[in-house]
Structures are given as structure tokens and as C-alpha cells.
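Notes follow once the structure below has been shown.
The values are calculated or read from the model by the stated rules, or taken from the named source; none is laboratory data. On a predicted model such as this, the values are computed, not experimentally measured, just so you know. Virtual Cβ from ideal backbone geometry, glycine too; neighbours counted across all protein chains shown. In case anyone asks, the SASA skips ligands and DNA or RNA and just uses the protein heavy atoms, side chains included. Shrake-Rupley method; radii C 1.70, N 1.55, O 1.52, S 1.80 Å.
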Amino acid sequence: VQLQASGGGLVQPGASLRLACAVSGRTVSSYIMAWFRQAPGKEREFVAHIRGSAMITNYADSVKGRFSISRDNAKNTVYLQMNSLKPEDTAVYYCATRSRIISTTSPSGYDYWGQGTLVTVSS
């Protein structure tokens with residue numbers, strides 16, 4: 001299983017970015033797919049996940065209403081649309097997938113990880 005994250009960059013506060021996670025070796029519609037982030041000097045934290053044919057989503061409180069996770073089954077790709085970005089959103093963003101069907105927000109519960117993409121929000 002391989003995950004390739006892309007789309008990071010340097011943006012000003014209030015701007016938007018869309019991250020993409022291209023997946024091979026696993027069908028995104030059949031597994032829990034998630035985004036995490038890790039800021040300098042901080043632990044990796046949950047951002048959002050999506051699961052099931054109904055595309056049930058869950059978000060961290062810090063991003064609720066601003067970020068949106070989605071997937072394109074035909075492209076086997078998961079996205080994270082980030083709007084109204086704040087300086088505190090600055091981090092390396094990772095996509096991950098979990099083999100077990102019960103969802104979790106703990107990084108230790110995920111089996112495969114992408115390499116991360118850096119998002120910097122600064123004026």
C-alpha cells in the first residue's frame with residue numbers, strides 16, 4: 001500500500017488549499033482514510049477521516065466548518081479542502097489508512113502513511 005500526498009504550499013491567512021492523497025494497493029472506498037497533521041515541536045494530531053460507502057466524515061473541532069474531506073473512488077484519491085486557513089494550521093499534513101473497520105482518531109491506529117506535505121500559513 002502506498003499513499004502519495006501533494007498540494008501543500010505557502011499561503012496567506014484566509015486563503016484556501018486542497019491537498020490530495022493518491023492511493024495504490026488499497027481501494028479508498030473500502031477503508032477508513034484520514035488526514036493528520038504535525039506542527040513543529042508538537043505531536044501528530046487527527047484532522048479528519050472518511051469511511052464507508054456513505055462517506056461518513058469526522059473532523060477535529062479545530063477544523064470543523066473550515067476543512068472538508070472527500071474522495072474520488074474512480075481516481076482512488078482522497079482530498080482535504082482547507083478554507084479560511086489560519087497560522088495555527090501550519091504543519092506537515094499526512095494521509096493515512098486504517099485496516100480495521102472501527103474508526104479511531106489515534107495515529108497509532110493507522111497502518112499506512114503517506115510522506116507528508118507541508119502547509120505554511122503566514123503573512
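In this structure the amide hydrogen of GLY9, modeled in the peptide plane, comes within under 5 Å of the amide hydrogens of VAL119, THR120, none closer than 5 places in sequence on its chain. Each Lys or Arg adds one and each Asp or Glu subtracts one; over the other residues with Cβ under 15 Å from the Cβ of TYR110, this totals +3.
If you run the Gaussian network model on the chain, springs between alpha carbon atoms under 10 Å, then out of ILE101, ILE50, ILE32 the most flexible one is ILE101. Once you reduce the range 62-123 and the range 17-45 to the center of their Cα atoms, the two points are 4 Å from each other.
The apolar share of the surface of the chain, taken as the fraction of accessible area on carbon and sulfur atoms (1.4 Å probe, ligands and nucleic acids excluded), comes to 47 percent. Taking label points 7 Å from Cα along the Cα-to-Cβ direction, THR120 and GLN12 give a separation of 1.7 nm. In order along the range 68-83, the Karplus-derived 3J(HN,Hα) couplings, from 6.51 cos²θ - 1.76 cosθ + 1.60 at θ = phi - 60°, round to 9, 9, 8, 8, 10, 5, 5, 8, 6, 9, 10, 10, 10, 8, 10, 10 Hz, and Gly and Pro are given as x.
Computed from label points 7 Å out along Cα-Cβ, the spacing between THR27 and MET55 is 1.7 nm. Applied to the range 52-63, the Karplus parametrisation 6.51 cos²θ - 1.76 cosθ + 1.60 on θ = phi - 60° returns per-residue 3J(HN,Hα) values of x, 5, 7, 6, 6, 10, 9, 10, 5, 4, 5, 10 Hz, with x for Gly and Pro.
Here the 3J(HN,Hα) profile of the range 33-38, calculated from phi with Karplus coefficients 6.51, -1.76 and 1.60 at θ = phi - 60°, is 10, 9, 10, 10, 9, 9 Hz, Gly and Pro shown as x.
Among SER108, SER29, SER62, which one shows the highest mean-square fluctuation when the chain is modelled as a Gaussian network with alpha-carbon springs under 10 Å? Looking only at SER108, SER29, SER62, the biggest GNM fluctuation is shown by SER108.
Mean-square fluctuations from a GNM of the chain, with a 10 angstrom spring cutoff on Cα atoms, peak among VAL47, VAL78, VAL63 at VAL63. Considering only alpha-carbon pairs that sit under 8 angstrom and 6 or more positions apart, the relative contact order computed for the range 42-123 is 25 percent.
Charged side chains reduced to their Cβ positions (Lys and Arg at +1, Asp and Glu at -1) give the chain a dipole of some 220 debye around its Cα centre. The GluC sites (Glu not before Pro) of the range 23-123 that DSSP puts in a loop, and whose beta carbon has at most 14 other beta carbons within 10 Å, are GLU43.
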